Amino acid sequence: STHSRLHGSKSYRVPWLFDEESVDVCRAFTKLKARLMPYIYRIAVNSHETGVPSMRPMVLEFDNDPAVRYLDMQYMLGDSILVAPIFREDGNVDYYLPKGTWTHLLSGETREGGTWQNDTYDYFSLPVYVRENTLLAMGAEEDRPDYDYTKDVQLQLYALKDGCEADCEITDLKGNIVLTAKASRTGNKITVTVSEITEGMTYLLVNVKEAKNISGAKAETTEKGIVLTPESKEVVIEL
């Protein structure tokens with residue numbers, strides 16, 4: 001989330017006072033948050049500018065879905081990431097995914113929404129799903145939250161549907177927008193454009209393993225999907 005604290009008003013509470021697993025869990029999610037800072041910082045700037053909260057009740061994003069009206073044990077982090085904290089000791093959790101294709105941020109598993117879900121997690125994961133038609137900026141640094149969010153950034157494209165667009169903005173540490181990107185899809189053709197190509201920039205087509213033709217970028221197939229290194233501001237992918 002946008003803010004993190006180790007709470008303890010009358011006692012000193014830090015992970016290493018519990019056990020090594022606590023340290024490992026805290027380390028894993030601290031690194032994840034650091035990589036998510038290009039996204040988190042942008043939604044924090046948006047909250048400052050508009051008053052719309054960064055941590056949003058489900059009904060704020062899905063006001064036409066009656067199933068979300070009374071959900072108070074999950075939330076949207078910005079407009080693109082759904083989070084369902086786990087409150088049970090056995091790691092079991094019930095949560096609701098609105099209609100659409102949702103991709104687990106950590107595992108890459110996809111699920112179709114409009115239904116309730118039930119899963120059991122260990123301490124190193126939880127329901128954290130990326131909404132369809134999302135272009136998510138993932139930073140490269142894991143050891144600090146304040147860095148150049150455009151350097152070595154990876155723009156991750158999630159479940160872009162035919163006829164849809166996905167936009168992404170990246171700010172500097174003063175809240176100024178320094179990079180914009182957009183992905184659009186028509187049929188089997190996806191076009192990704194950026195305002196500029198920054199040092200080390202890559203794109204990830206999440207869970208896409210094959211493409212008939214790619215222009216404007218070098219491509220590499222990985223377990224997570226096709227990774228593209230752009231050579232021009234416009235990249236076209238034919239699936």
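Structure data summary
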{"item": "Some residue of the range 121-142 being within 29 Å of residue 199 (Cβ to Cβ), without any contact (Cβ under 8 Å) to a residue 60 or more places away in the chain, open to solvent by 80 Å² or more (accessible area, probe 1.4 Å) and out of contact with any strand residue (DSSP E or B) (no Cβ under 6 Å at 6 or more places or on another chain)", "result": "no"}
{"item": "Residue list for the range 199-228, filter: under 20 Å from the mean Cα position of the chain (by Cα) and either over 25 Å from residue 111 (Cα atoms) or among the aliphatic types (A, V, I, L, M) (or both)", "result": "200, 201, 202, 204, 205, 206, 208, 226, 227, 228"}
{"item": "Any chance residue 102 is part of a strand (DSSP E or B), aromatic (Phe, Trp, Tyr) and either under 27 Å from residue 170 (Cβ atoms) or open to solvent by less than 10 Å² (accessible area, probe 1.4 Å) (or both)", "result": "yes"}
{"item": "Check on residue 175, open to solvent by less than 20 Å² (accessible area, probe 1.4 Å) and assigned to a loop (DSSP other than H, G, I, E, B)", "result": "yes"}
{"item": "Pairs with Cβ under 9 Å, 6+ apart, first in the range 49-73 and among the acidic types (Asp, Glu), second open to solvent by 40 Å² or more (accessible area, probe 1.4 Å) and outside any helix (DSSP H, G or I)", "result": "61/79; 61/131; 63/69; 65/99; 72/57"}
{"item": "Residue that is most open to solvent (accessible area, probe 1.4 Å) [pool: residues in the range 75-88 that are under 18 Å from residue 52 (Cβ atoms) and not β-branched (Val, Ile, Thr)]", "result": "79"}
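The values are calculated or read from the model by the stated rules, or taken from the named source; none is laboratory data. Since we're looking at a predicted model, the values are computed, not measured. Note that we place each Cβ from the backbone using ideal geometry, even for glycine, and neighbour counts take in every protein chain shown. For the accessible areas, the whole protein counts, side chains as well, though only heavy atoms, and no ligand, DNA or RNA atoms are used. Shrake-Rupley method; radii C 1.70, N 1.55, O 1.52, S 1.80 Å.
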